[in-house]
């Protein structure tokens, strides 16, 4: 079936108002494309443990998107949307909220295009010397020299292509020894913790405050044949949930992973040493360049010494040990 993708340019504040306006026209199935500023606010203020997905997700232009089936009853709908947005723009001053341009654009797409074409951009990725990250719908050569992580993350989770995840995986490969235990704080799709087991870790604990993330992480482990006895998933905030914190700190881990954001790494700094023994390694990523000094200072203040820093465009990853 052919569909019409309709995009209304707006602001983060105006998205709900535009959505309500479209609802008045009988268009209730919409998606909000958040702008770069709003995504950063969510990541830093709500301190979500996000694995940075694709840079393309950080849109500079907020918008509301809707998909209309190209059927006779929808003929003329674009003109109605344009008229409605023009009327809404005239009310902007009275509403008291910046609504943006409210420009309406449209394009014709196939159902398969907008549902699945993003998959075309996710191909097998070789990371370091020991790992290949491969989507479940792709084939990859298996010569026995690499662990193959098969992942079906959807559009909301990291795939290993981004610098933050890649640098984490490279440091993990360097530091991981056969039989190590691993904890992954802010596990996202489970790419780090599952990779650790496939590369020889004895077991892994994956934690995320987002139940969708932990569900995907558990599915990732299952898809890769990882024994449930070796892979534990907790949903909750290790910083504020006493039960999860106590469960996580009952033991020490050989490798502690945190591919999240600077604010969370700083908040985690006092806890990280509780998860480590004298030979453990802490690997952190998701750090934007201008926050690196703050993260480094927090770790140093809490008894950690930075051993290596890696760079990928504006992103930084670090490796630290106990002093």
Any residue at all in the range 193-200 that is under 17 Å from the mean Cα position of the chain (by Cα), crowded, with 21+ Cβ neighbours inside 10 Å and closer than 26 Å to residue 270 by Cβ?
yes
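Table: residues versus (1) out of contact with any helix residue (DSSP H, G or I) (no Cβ under 7 Å at 6 or more places or on another chain); (2) closer than 18 Å to residue 164 by Cα.
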position	(1), (2)
212	yes, no
218	yes, no
221	no, no
239	no, no
244	yes, no
258	no, yes
314	no, yes
323	yes, no
Just to be sure before I move on: is residue 219 part of a helix (DSSP H, G or I) and within 19 Å of the chain's Cα centre (by Cα) in the structure I sent?
yes
Give the residues of the range 168-192 that are more than 19 Å from the chain's Cα centre (by Cα) and either closer than 22 Å to residue 249 by Cα or in a loop (DSSP other than H, G, I, E, B) (or both), sorted by residue number.
175, 176, 177, 178, 179, 180, 181, 182
Considering only the range 272-290, I want to know if a residue exists there that is at pLDDT below 95 and in a helix (DSSP H, G or I).
yes
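Restricting attention to the range 259-271, which residues are in contact with a strand residue (DSSP E or B) (Cβ under 8 Å, 6 or more places away or on another chain) and part of a helix (DSSP H, G or I)?
Applying the first criterion (in contact with a strand residue (DSSP E or B) (Cβ under 8 Å, 6 or more places away or on another chain)) to the range 259-271 yields 259-262, 264-265, 268-269.
Once the filter is applied, which keeps residues that are in contact with a strand residue (DSSP E or B) (Cβ under 8 Å, 6 or more places away or on another chain) and part of a helix (DSSP H, G or I), the range 259-271 yields 262, 264, 265, 268.
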Only one of 48, 65, 126, 119 is within 19 Å of residue 189 (Cα to Cα) and at pLDDT 80 or above. Can you tell me which?
126
Would you check if there is a residue in the range 247-255 being touching a helix residue (DSSP H, G or I) at 6+ places or on another chain (Cβ under 6 Å), farther than 23 Å from residue 164 by Cα and in contact (Cβ under 8 Å) with a residue 24 or more places away in the chain?
yes
Which numbered condition residue 319 fails, given (1) on the phi > 0 side of the Ramachandran plot; (2) touching a strand residue (DSSP E or B) at 6+ places or on another chain (Cβ under 7 Å)
(1)
Can you tell me which of 32, 39 is surrounded by 13 or more Cβ atoms within 10 Å (Cβ to Cβ), closer than 27 Å to residue 214 by Cβ, modelled with pLDDT of 55 or more and within 22 Å of the chain's Cα centre (by Cα)?
32
Is it the case that residue 257 is at pLDDT below 95 and either under 22 Å from the mean Cα position of the chain (by Cα) or buried (at least 18 other Cβ atoms within 10 Å of the Cβ) (or both)?
no
Qualifying position, being closer than 20 Å to residue 194 by Cβ and assigned to a helix (DSSP H, G or I), among 212, 256:
212
Any residue at all in the range 91-111 that is at pLDDT below 75, touching a strand residue (DSSP E or B) at 6+ places or on another chain (Cβ under 8 Å) and loosely packed, with under 13 Cβ neighbours inside 10 Å?
yes
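The values are calculated or read from the model by the stated rules, or taken from the named source; none is laboratory data. Note that this is a predicted model, so its numbers are computed, not measured. Positions of Cβ are backbone-derived with ideal geometry, glycine not excepted, and every protein chain shown enters the neighbour counts.
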